[in-house]
2 protein chains.
Amino acid sequence: MSTVGIVCEYNPFHKGHEYQIQQAKLLTGAEHVICFMSGNFLQRGVPAIADKHTRTEIALRCGVDAVFEIPFVYASSSARDYAHAAVCMMNALDGIDYISFGAECDDMDLLQKIAELTVNEPPQVSEFIKKSVSSGISYGSARAAAISEYLQNQNLTGYTSADLDRILASPNNILAIEYIATLIQTDSRIKPVPIRRILSEYNSTATDNDICSASAIRELLRSGDVESLRRHIPDSCYNILQNAYRKSFPMFDDDLSHLLSARRILAPCTDDIVDMDRDLCNRLSRLDTNLSFTETATALKCRNYTLSHIQRGLLHTITDLRCDDYSHFKENGWIAYIKLLGLKKDAGAVIKSMKKASQVPIITRSAEIYKSTDSTGLSMFSYDIKAADIYRNMVYNKYKISIKTDFEQPVIVI
Amino acid sequence: MSTVGIVCEYNPFHKGHEYQIQQAKLLTGAEHVICFMSGNFLQRGVPAIADKHTRTEIALRCGVDAVFEIPFVYASSSARDYAHAAVCMMNALDGIDYISFGAECDDMDLLQKIAELTVNEPPQVSEFIKKSVSSGISYGSARAAAISEYLQNQNLTGYTSADLDRILASPNNILAIEYIATLIQTDSRIKPVPIRRILSEYNSTATDNDICSASAIRELLRSGDVESLRRHIPDSCYNILQNAYRKSFPMFDDDLSHLLSARRILAPCTDDIVDMDRDLCNRLSRLDTNLSFTETATALKCRNYTLSHIQRGLLHTITDLRCDDYSHFKENGWIAYIKLLGLKKDAGAVIKSMKKASQVPIITRSAEIYKSTDSTGLSMFSYDIKAADIYRNMVYNKYKISIKTDFEQPVIVI
């Protein structure tokens, strides 16, 4: 009996995700699919379109056996830290045999080579990155260019320079490389299984196909209504979203605006916040506090930072995620607890055995945290609680409906 | 040439205020009326129905010659501190000859006697207050009862016990007593001039008369529209409010709700906040963060505190007004600067001579503060700025219109 892990946001779950789950089981022969899902906030520094409990139920109805929550501090971090934390969770659970991920490139040899280059960075690559960053290019782009250049120069692959550039420009490939890099770094027994994505463009907004990207689906919701999703998401997903429609879903980036304004007005912004620095902080302090979240992020956008980086900086300003806290978490083994959001009844035995083998406590009710972990874990968990309270307030502010707090919400069992 | 000072909130300005201004000039023979007005937040711990600049313009159009702003930290404090700060402002200006105030009781002898009792509290009175407070009665009620009892026992007035109780139960009389007490304490040359209010009930909601209370007018606005005010406020006031209607006015207590929620979610509430204590803080932390401002205040209401006290505690939680800051301000002469909100052109000479004689800097543009005062003044002023930003965000959140920041808003001259 084997188990495959998937790192996901499911924002929202769509037919491409369904396909990935089927393929992951097919390619690995695993009986169980365990998801490691972001909570209410995502890697781009923005709120999920539906809350984590709704997205958990959808995942369970669509072929996933259990859903664990990636702690807020990592779910809203750089691709590298996000991927690293998710793989650390899988390692800690000690019951995951494979990690499967969608990528535009499923050439494991190439992905492995690149991952090794990021783990043991050759001096030429480091030098190239340093130069590019100091010239104002974002770290991600600089590293991609450096690796592409290096592979090309060393003639290590059969790919052309243009191919490599394209492969290294894809966010999904980048995540794949980070997963594999962490597997190498942690000497993990988990085997990587890339699955070639049917859709090539992460941010494609085309919706003329049944399978379209999550961002295209969000765009449909922004302009249309829930009915327009029907074709692109599994029926059971549609039913759950339809039920939540205009009660707690959909939520968009600008539903954070009132909290960003409040945070900026009520306390001075500081640069000891993750993904903020003195420059961003100074420029932020000069912007009108009545600007929306999107307007603020757009006004701060410049060549040195990706929009995601800036959005994360704003989200971390709201949540007051301190650099020293974040460093402390990473220096203390990254993962202090693993929160179970939901499971299928017939996966109960698997979770039970994971609970026994796990190197960190598995939390099924939020209140358990107080007797399960140390001060590091409590501090990390306090960000999860704050993030949940923030999302809950956003929903209330928009729909005048109070969703359950994390302490009220039981683990979802179907 | 003499000048009469009036302490006010003008929330909103009505015909009773107009009458008071006329009477004040008549009784004192003063040429100029100078107002000391609360800014965007009031003594009850709630937002003003219109912003301070709008209320300033109204006051100037309705017979006032100049309007100075009571700093936020005092405008939102207990009746005692509010009155004390306002009189200190008048003393500091060194150009105010009279202080006139509306009160249900205009018997100066009685008011003076009571004020003296509060300044030099006889041991019997102190003892009585102490006992009552420890039995769970609010300080204000305890003091009123103690003074009434004392005056009755000593047979110091011609009033019956019931009369005294009634007189001491009126918020306007209490303020009058506090003004006079401060005049005594500061050995002020300013002469108190009580004016008997036409309306006897501060919180009367009766609107069958042309002159009705500000709270009755606010009630009209809550249920009706701006047209319903016409009869109860001077025409020039009506025109200004009509112009602001649904742009920045009216604002109600619950327009603070999103900021209270944000404040409570984003940072733990502490008891080193003015008007909060451990009990209130503990009870607050157990309440749903999605409750409105009014719902939260109501849920916290208990015998020991007036609703105003609780509302101030919540407002100070939002603005993070620290006890040690507040004590520091009071220990350092109370008034560090005086902000001019507006003046009539022909009062320019009076203000100019006040600027020369004033013991503290008079600020006409907010940016002047940086070269006019010390760190105490800057700290006090930072609360004014925060309060203005909060109000501005409330207006934006409600009407999607950005009013001017305090740094953009020039002094109003008509």
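Tell me, yes or no, whether region A:358-376 has at least one residue that is touching a His at 6+ places or on another chain (Cβ under 9 Å) and either in a helix (DSSP H, G or I) or within 17 Å of A:Ile96 (Cβ to Cβ) (or both).
Initial filter on region A:358-376 (touching a His at 6+ places or on another chain (Cβ under 9 Å)): A:376.
Filter once more, keeping what is either in a helix (DSSP H, G or I) or within 17 Å of A:Ile96 (Cβ to Cβ) (or both): A:376.
Yes, there is a match, as at least one residue in region A:358-376 is touching a His at 6+ places or on another chain (Cβ under 9 Å) and either in a helix (DSSP H, G or I) or within 17 Å of A:Ile96 (Cβ to Cβ) (or both).
Among the residues of region B:185-199, those identified as surrounded by fewer than 16 Cβ atoms within 10 Å (Cβ to Cβ) and not in a loop (DSSP other than H, G, I, E, B) are B:Gln185, B:Lys191, B:Arg196. Of the residues B:Arg230, B:Arg286, B:Arg312, which is touching a residue at least 12 places away in the same chain (Cβ under 8 Å) and not hydroxyl-bearing (Ser, Thr, Tyr)? Within the list B:Arg230, B:Arg286, B:Arg312, the selection yields B:Arg312.
Does A:Val413 satisfy the condition of being farther than 20 Å from A:Tyr74 by Cα and touching a residue at least 40 places away in the same chain (Cβ under 8 Å)?
Details: farther than 20 Å from A:Tyr74 by Cα: yes; touching a residue at least 40 places away in the same chain (Cβ under 8 Å): yes.
Criteria met by A:Val413.
Is it true that A:Lys386 is in contact with a helix residue (DSSP H, G or I) (Cβ under 8 Å, 6 or more places away or on another chain), closer than 21 Å to A:Val67 by Cα and either surrounded by fewer than 17 Cβ atoms within 10 Å (Cβ to Cβ) or not assigned by TED's automatic domain parsing to the domain that holds A:Ala48 (or both)? So A:Lys386 does not fit the description; no. When restricted to residues that are touching a helix residue (DSSP H, G or I) at 6+ places or on another chain (Cβ under 7 Å), within 14 Å of chain A (Cβ to nearest Cβ) and crowded, with 23+ Cβ neighbours inside 10 Å, region B:291-318 contains 5. Would you check if A:Lys131 is open to solvent by 60 Å² or more (accessible area, probe 1.4 Å) and basic (Lys, Arg)? Judged against the criteria, A:Lys131 is a match. In a residue-by-residue description of region B:167-184, the property of being open to solvent by 10 Å² or more (accessible area, probe 1.4 Å), farther than 24 Å from B:Tyr74 by Cα, modelled with pLDDT under 95 and not in a helix (DSSP H, G or I) applies to no position.
Do the conditions hold for A:Leu164, that is, is it more than 14 Å from every other protein chain (Cβ to nearest Cβ), in a helix (DSSP H, G or I), at pLDDT below 90 and open to solvent by less than 50 Å² (accessible area, probe 1.4 Å)? When the stated conditions are applied, A:Leu164 passes them.
Candidates are the residues of region A:345-362 that are touching a helix residue (DSSP H, G or I) at 6+ places or on another chain (Cβ under 8 Å) and open to solvent by less than 80 Å² (accessible area, probe 1.4 Å); the one that is farthest from A:Asn332 (Cα to Cα) is A:Met354. Scan region B:252-263 and give yes if some residue there is under 17 Å from B:Lys386 (Cα atoms), within 12 Å of another protein chain (Cβ to nearest Cβ) and of a type in the set (Lys, Arg), otherwise no. Yes, that holds for at least one residue.
Of the residues making up region A:363-390, those that are in contact (Cβ under 8 Å) with a residue 60 or more places away in the chain and either more than 13 Å from chain B (Cβ to nearest Cβ) or out of contact with any strand residue (DSSP E or B) (no Cβ under 6 Å at 6 or more places or on another chain) (or both) are A:Met380, A:Phe381, A:Tyr383, A:Asp384, A:Lys386, A:Ala388, A:Ile390. Just to be sure, is A:Arg55 closer than 22 Å to A:Leu241 by Cα and surrounded by fewer than 24 Cβ atoms within 10 Å (Cβ to Cβ)? Judged against the criteria, A:Arg55 is not a match.
Taken over region B:105-128, residues that are in contact with a Leu (Cβ under 9 Å, 6 or more places away or on another chain) and in contact (Cβ under 8 Å) with a residue 40 or more places away in the chain amount to 5. Here A:Lys398 meets each of (1) away from chain B (no Cβ under 14 Å); (2) open to solvent by 60 Å² or more (accessible area, probe 1.4 Å); (3) part of a helix (DSSP H, G or I) with one exception, condition (1).
Within region A:258-271, is even one residue out of contact with any Lys or Arg (no Cβ under 6 Å at 6 or more places or on another chain), open to solvent by 20 Å² or more (accessible area, probe 1.4 Å), more than 18 Å from A:Leu307 (Cα to Cα) and in the same structural domain as A:Phe41 (by TED's automatic domain parsing)? Looking for residues that are out of contact with any Lys or Arg (no Cβ under 6 Å at 6 or more places or on another chain), open to solvent by 20 Å² or more (accessible area, probe 1.4 Å), more than 18 Å from A:Leu307 (Cα to Cα) and in the same structural domain as A:Phe41 (by TED's automatic domain parsing), one finds none in region A:258-271, hence no.
Quick one: would you say B:Leu341 is within 14 Å of chain A (Cβ to nearest Cβ) and open to solvent by less than 40 Å² (accessible area, probe 1.4 Å)? Working first, answer last.
Values: within 14 Å of chain A (Cβ to nearest Cβ): no; open to solvent by less than 40 Å² (accessible area, probe 1.4 Å): yes.
The answer is no for B:Leu341.
The numbered conditions (1) open to solvent by 70 Å² or more (accessible area, probe 1.4 Å); (2) assigned to a helix (DSSP H, G or I); (3) under 30 Å from A:Tyr10 (Cα atoms) are all true for A:Gln124 except (3).
The values are calculated or read from the model by the stated rules, or taken from the named source; none is laboratory data. In this text, all values refer to a predicted model and were calculated from it rather than measured experimentally. Heads up, the Cβs are rebuilt from the backbone with ideal geometry, glycines too, and the neighbour counts pull from every protein chain shown. For the accessible areas, the whole protein counts, side chains as well, though only heavy atoms, and no ligand, DNA or RNA atoms are used. Shrake-Rupley method; radii C 1.70, N 1.55, O 1.52, S 1.80 Å.
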